[in-house]
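*Asks:* Sharing a structure below in structure tokens format, with a few things to ask.
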Amino acid sequence: MAVAVDDPLLQRRPSFRRRSLNRLMKTAAVVGGFLGERKADRDDIEVIRDLSYGPHPFNRLDVYRPRFAPRPLPVLLYIHGGAFSLCSKETHRGIARASARGGQYLVFNIDYRLAPRFQFPCAHEDACLAFAWVAAHCARFGGDPSRVVVAGESAGGNLALSVAIAACYRRPEPWAQVAFAAPVRLVGVKPIMPYLQVTNAARQNFNPGAGWLALRAARDIAKSYLGSSRVLPSRETMMADPIRILEECGAPEKPFPPVFSGVGTWDVCCEDVQRLERACERLGVPARMHYYEREIHAFHVLAWRDNARRYWQQAFAFMREVATA
């Protein structure tokens, strides 16, 4: 079981910059969640808030349930992004609601422990625990445990892919084994603009889509989530780098689900999606990778943009397809 780190420097409050960004994200969620949305659309989705999926106070989730869709519903576990240190299920409630309505899915939108107070593997442990909880409890909300998709963006994309790996590969980590044993059929994984390797921030020096700000951000993420002593690749932190598992560990014990990903060509995460595409091809995993010209990180929340609308159309098409396969 992962615990909070003892270093008092890591226990301090987030920086003013991080707190300001988090407030901005919460404001954007309010605007994005209701701007241009009819009251009838909101009434179509029932929301059940703040259910506990684990022992920690941050182990909370919200359920978004389409009122009029036929039961049982396919299930989506959604994991928010934010560099493992920002955001929450509240900042991403617009995405959860859109996924429930547009995909006609029963959506579980989770909180998890954040860095720097809680370091690796806390977020990964929580994501796997949430997956197992959803597998065990989704039926009582009208969900179908034989049709489950895991999704997330940015750091949440890392966590979503890690959950899929834990569910399909027999891993040594006890928290990953919880996901492997979950009574569920995983039919899809949707890591969006995912940051798939936390270690080795220096790799951004060779990333054509990265500049010095991206390198600095990569170093900050590694130190915040892994700690200064674990920023280089190792077996201990392998699950923080889920792309390395697909690249280096061979075929999984269980069939790996189809993969959908989308990323802007100006996004530092574009290279990670390309690596994911190559890994899926080598493993024979069905994969759909969409590259959106001259789009930046998190462009999909800019709903008025053509590429954002195109992304959502393609994402919902994937969700409908795997739900009926």
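Every read-out reported here was derived from the displayed coordinates using simple, explicitly stated rules and does not represent laboratory data. Predicted model only: the values in this text are computed from it and were never measured. FYI the Cβ positions are ideal-geometry reconstructions off the backbone, even for glycines, and counts take in every protein chain you see.
*Asks:* Go through region 316-325 residue by residue and turn each phi into a ³J(HN,Hα) via Karplus (6.51, -1.76, 1.60, θ = phi - 60°); whole Hz please, and just put x for glycine and proline.
*Replies:* 5, 4, 4, 4, 5, 5, 6, 6, 10, 6
*Asks:* Could you work out how far apart the two model spin labels at Asp50 and Gln177 are, taking each label as a point 7 Å from the Cα in the direction of the beta carbon, and quote it in nm?
*Replies:* Each label point is offset 7 Å from its Cα along the Cβ direction, giving 3.5 nm.
*Asks:* Now for a different question. Classify region 188-279 as rounded, prolate or oblate, taking a ≥ b ≥ c as the square roots of the eigenvalues of its Cα gyration tensor: rounded when a/c is under 1.5, otherwise prolate if a/b is larger than b/c and oblate if not.
*Replies:* On the way: a/c = 2.19, a/b = 1.24, b/c = 1.77.
Oblate shape, in that a/c is at least 1.5 and b/c is the bigger or equal ratio.
*Asks:* Next question, about the same structure. Can you tell me the order of 75-84, 252-261 when each peptide is scored by its average per-residue count of other Cβ atoms within 10 angstrom, highest first? Mind dumping the intermediate values first?
*Replies:* Details: 75-84: 26.3, 252-261: 19.6.
By packing density, highest mean first, the sequence is 75-84, 252-261.
*Asks:* In whole Hz, with x marking every Gly and Pro, tabulate ³J(HN,Hα) for region 127-132 from phi via Karplus 6.51 cos²θ - 1.76 cosθ + 1.60, θ = phi - 60°.
*Replies:* 4, 5, 5, 5, 4, 5
*Asks:* By how many nm would the segment from Glu248 to Leu232 lengthen if fully extended, with 0.36 nm per residue of separation less the alpha-carbon distance?
*Replies:* In short, 4.1 nm is gained.
*Asks:* Please list, ordered by chain and number, the residues whose modelled amide H lies under 5 Å from the amide H of Tyr53; skip anything fewer than 5 residues away on the same chain.
*Replies:* Arg60, Leu61
*Asks:* While we're on this one: How far, in nm, would the chain grow between Gln314 and Arg185 when pulled straight, counting 0.36 nm per residue and subtracting the alpha carbon separation? Present the calculation step by step, with values, prior to reporting the outcome.
*Replies:* Working: separation 129, 0.36 × 129 = 46.44 nm, distance 2.25 nm.
So the chain would gain 44.2 nm between Gln314 and Arg185.
*Asks:* Continuing with the same structure: Which of the peptides 51-63, 190-202 is most tightly packed, and how do the rest follow, judged by the mean count of other Cβ atoms within 10 Å per residue?
*Replies:* On the way: 51-63: 17.2, 190-202: 23.7.
So the peptides 51-63, 190-202, ranked by packing, come out 190-202, 51-63.
*Asks:* Another one. Computed FRET efficiency, Cβ-Cβ of Glu321 and Asn200, R0 35 Å: what is it to the nearest 0.05?
*Replies:* On the way: r = 35 Å, r/R0 = 1.00.
Efficiency, from the Cβ-Cβ distance: 0.50.
*Asks:* Beta carbons within 10 angstrom, averaged per residue: use that to sort the peptides 218-224, 43-49, 311-317, 148-154, highest first. All intermediate terms of the calculation are to be shown ahead of the outcome.
*Replies:* Details: 218-224: 19.9, 43-49: 13.9, 311-317: 17.3, 148-154: 28.3.
The most tightly packed comes first, giving 148-154, 218-224, 311-317, 43-49.
*Asks:* For His290, list long-range residues whose amide hydrogen, built 1.01 Å from N in the peptide plane, is under 5 Å from its own amide hydrogen.
*Replies:* Correct list: Ser261, Gly262, Val263.
*Asks:* Next question, about the same structure. Place +1 on the Cβ of every Lys and Arg and -1 on the Cβ of every Asp and Glu in region 241-319, take the dipole about the Cα centre, and give the residue among Gln314, His300, His290 whose Cα lies farthest towards its positive end.
*Replies:* The residue sitting farthest along the positive end of the dipole is Gln314.
*Asks:* Continuing with the same structure: Name the residues whose placed amide hydrogens come within less than 5 Å of the amide hydrogen of Glu153, ignoring near sequence neighbours (fewer than 5 apart) on the same chain.
*Replies:* Counting only residues 5 or more places away or on other chains, the set is Ile79, Gly81, Ile192.
*Asks:* Relative contact order for region 127-216: what is it in percent, counting Cα pairs under 8 Å that are at least 6 residues apart?
*Replies:* Details: 132 pairs, mean separation 30.2, N = 90.
Contact order relative to length: 34 percent.
*Asks:* Right, here's the next one. Across region 156-169, in residue order, what do the Karplus-derived ³J(HN,Hα) couplings come to in whole Hz, using 6.51 cos²θ - 1.76 cosθ + 1.60 with θ = phi - 60° and x for Gly and Pro?
*Replies:* Each residue's phi maps through the Karplus curve to give x, x, 4, 5, 5, 5, 5, 4, 4, 5, 4, 6, 10, 9 Hz.
*Asks:* Can I ask one more? Would you mind calculating the gained length between Arg219 and Arg275 on full extension (0.36 nm times residue separation, minus the Cα-Cα distance), in nm to one decimal?
*Replies:* On the way: separation 56, 0.36 × 56 = 20.16 nm, distance 2.01 nm.
Gain on extension, Arg219 to Arg275, equals 18.1 nm.
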